[in-house]
Structures are given as C-alpha cells and as structure tokens.
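Quick notes on the structure that follows.
The values are calculated or read from the model by the stated rules, or taken from the named source; none is laboratory data. The shown structure was predicted, so the numbers you read here are calculated from the model rather than taken from an experiment. We place every Cβ from the backbone using ideal geometry, glycine too, and count neighbours over all the protein chains shown.
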Amino acid sequence: MEEGLVLNWGVFRAVLAILQWWGFNVTVIIMNKWIFQNLDFKFPLTVSCIHFICSSVGAYIAIKVLKIKPLIEVEPEDRWKRIFPMSFVFCINIVLGNVSLRYIPVSFMQTIKSFTPATTVILQWLVWRRYFEWRIWTSLIPIVGGILLTSITELSFNAFGFCAALFGCLATSTKTILAESLLHGYKFDSINTVYYMAPFATMILAIPAVLLEGAGVFNWFYTHESIFSAMIIIFTSGILAFCLNFSIFYVIHSTTAVTFNVAGNLKVAVAVLVSWLIFRNPISGMNAIGCAITLSGCTFYGYVRHKLSQQQLPGTPRTPRTPRTPRSRLEVTPLVNEKQDKV
C-alpha cells in the first residue's frame, strides 16, 4: 500500500514538474522574442547574462534568506570539476537559443530543438555506452521525422539562426545528461544546483557580453523611447528565467534525460500555437502535419516505455544494481526514477 502511494506521488510530482516547466519555458521564450523583435534589444549575450544574474540572486535569496532548502556544501575542487563544466555547457545552450530567437521565429526554433531526444540517446550510447532497447530507438523515428517535415517547408528560414538552433540541440543534450548525473550522483536539489551554477554562468558570459555587445547596449539606452518599461520587461524575463532554471533541474531530478527531452517535444505544439497567436508568423500546412507526427511519436514513446516497464513482473526478484551499470538506468527509461528523494 505504501509503495503504491509513493509511486503515485512520484508520478504526480513528475507530471507537475513537466507542466510547470512548460509554462515557464514558453513564457520566457515568448518574452525573449518580444524583447528582440518589439523592444529592438538585439543583444542575446546580454539578455542571457541578465537571466543568470537574476538566477544567482534568486537562488541566494531562496537558500540564505528564505531558507527553502539547506545549502549543500561542495568542495572547491568539485565545484570546478563538476559544476563548472555543466555551467559552461548550459551557457552555450542558453546563448544559442537566444541567438536563434534573434533570427528565426519561435515556432521554427522550437521545432529544431525537438531533435534533442535523438541527440540525447545517441550521446549516451556513444559516449557513456548506455544501452537502449530497440523499441526506444524505433519510437524516436516519428519524432525526428515530424521535425524534419516541418523544417522542409519553413517560410522564415535563416541559415545563421538555423545553425544556432541546431548546435543548441547538441548543447541541450549534453547539459541534460550532465545535470542528471550531478543531481542523482551528488544528491543535489534544484535550488542548490542553480545556486552553484548561475554565478559560474554569469562569470562566463559577462566578458563576452561587454566586449561584443556593450557599445550596442549603451547606444540602445540613448535611442530607445521607453527605457523604464523596456527594462521592466527585460528583468521580468530574467526573474522568470530563474523560475525556468529551477523547473528544468526539478524535471531532470523527477524524470530521466530522455523523458525530459521527449516532454520538450510536446511543449513545441504549445509554443508554436502561442507564438502564432502573438506574432502571427506564417505556418504552412506541412508544419502543422509535422507537429502532429511529432506528438504521435511522443505518444508512441510513452506507450513503449510503459510496455517495457511491464516486463518486470510483480514479485520477480530484481538483480542487484550498481550505480555505474550501463544497462541499469535507461534501458527502460521510466517516467519516474526509482529513487523517491524529495526535492
């Protein structure tokens, strides 16, 4: 009975984590596009840096002032060996996402980013030698196929924005895998991860932002008509970015890397619809069909995951697992991790 309640709570927590991640993600993306397009603040590095500053301050307040979570002490050596690499990749992921938003519509950027389930699986297979059931590979085919279909007929194509979003897929996969390893292997919770990661990310982005965009930002201050309202919007996006960063690591802690990325494909349909309602960017019939195929692929993946989880019959003794066994975590790729650690 207690095991069933724990499992139901785990499923509920995972679904809630995914839903809040969708809400913050779509809102931040739409606001960033509004900043680049309507406020004429065309400085993706600066916007990313502001987001990480807000995340640093938010995490400090949550831990030191509000004491929502106790601070997890980390040795300086581990900060540089474990947290800094993830922060660096996370920076690349955020910057490439903002750069792509600068040049292509939200719908197209989100469509390209939906390649990340495939890149995540391939990375874990090639680099970490993790095993995946053949049905997992098969379930990714309609997802990738649907994304390809939407890209073929994109009406607002820009080569630079396309390449930025494409390389962002690889950065997203690497970041997700590293974050999953950090959270599960080192018992980090969401806020502590942001607490340690955001200052590193700010440090990494500050100098390039000043050197490459500093003059343009100063010129924007002198030429823009409504500075006060524009700055409120920019810093509000930073506050929401902190909430998004928190929700990202909460999702990774509550699910797995592959489930996180597949859930991102479902978010594409929401982002495409919202962006169309706000910006009215043209979407062809093929784009709509491609999104439908992607959603069907996500549903198929969920079905495959459920069928694989049923292969372990109740009462069947489990083989003892070690943390570094390649086949132990992602062969079945459950929605909820076997660990029920609280966040």
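Some points to look at:
Residue-by-condition table, conditions (1) out of contact with any Lys or Arg (no Cβ under 8 Å at 6 or more places or on another chain); (2) buried (at least 21 other Cβ atoms within 10 Å of the Cβ); (3) modelled with pLDDT of 90 or more:
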position	(1), (2), (3)
34	yes, no, yes
37	yes, no, no
48	yes, yes, yes
58	yes, yes, yes
64	yes, no, yes
67	yes, no, no
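- For residue 201, the criteria (1) under 21 Å from residue 58 (Cα atoms); (2) surrounded by fewer than 22 Cβ atoms within 10 Å (Cβ to Cβ); (3) touching a helix residue (DSSP H, G or I) at 6+ places or on another chain (Cβ under 8 Å); (4) modelled with pLDDT of 90 or more hold in every case but one, which is (2).
- Residues that are farther than 23 Å from residue 285 by Cα, among the β-branched types (Val, Ile, Thr) and surrounded by 14 or more Cβ atoms within 10 Å (Cβ to Cβ) within the range 132-169 comprise just one, 136.
- Residue match in the range 9-25 (condition: surrounded by fewer than 18 Cβ atoms within 10 Å (Cβ to Cβ), more than 16 Å from residue 179 (Cβ to Cβ) and touching a Ser or Thr at 6+ places or on another chain (Cβ under 6 Å)): yes
- Any hit, the range 76-85, residues being surrounded by fewer than 16 Cβ atoms within 10 Å (Cβ to Cβ), within 21 Å of the chain's Cα centre (by Cα) and more than 24 Å from residue 207 (Cβ to Cβ): no
- The sole residue among 130, 102 that is charged (D, E, K, R) and within 30 Å of residue 213 (Cβ to Cβ) is 102.
- Qualifying residue in the range 48-66 (condition: among the charged types (D, E, K, R) and either without any contact (Cβ under 8 Å) to a residue 12 or more places away in the chain or more than 30 Å from residue 275 (Cβ to Cβ) (or both)): yes
- Of all residues in the range 120-167, those satisfying the criterion of being of a type in the set (Ser, Thr, Tyr) and not in a helix (DSSP H, G or I) are 131, 153, 156.
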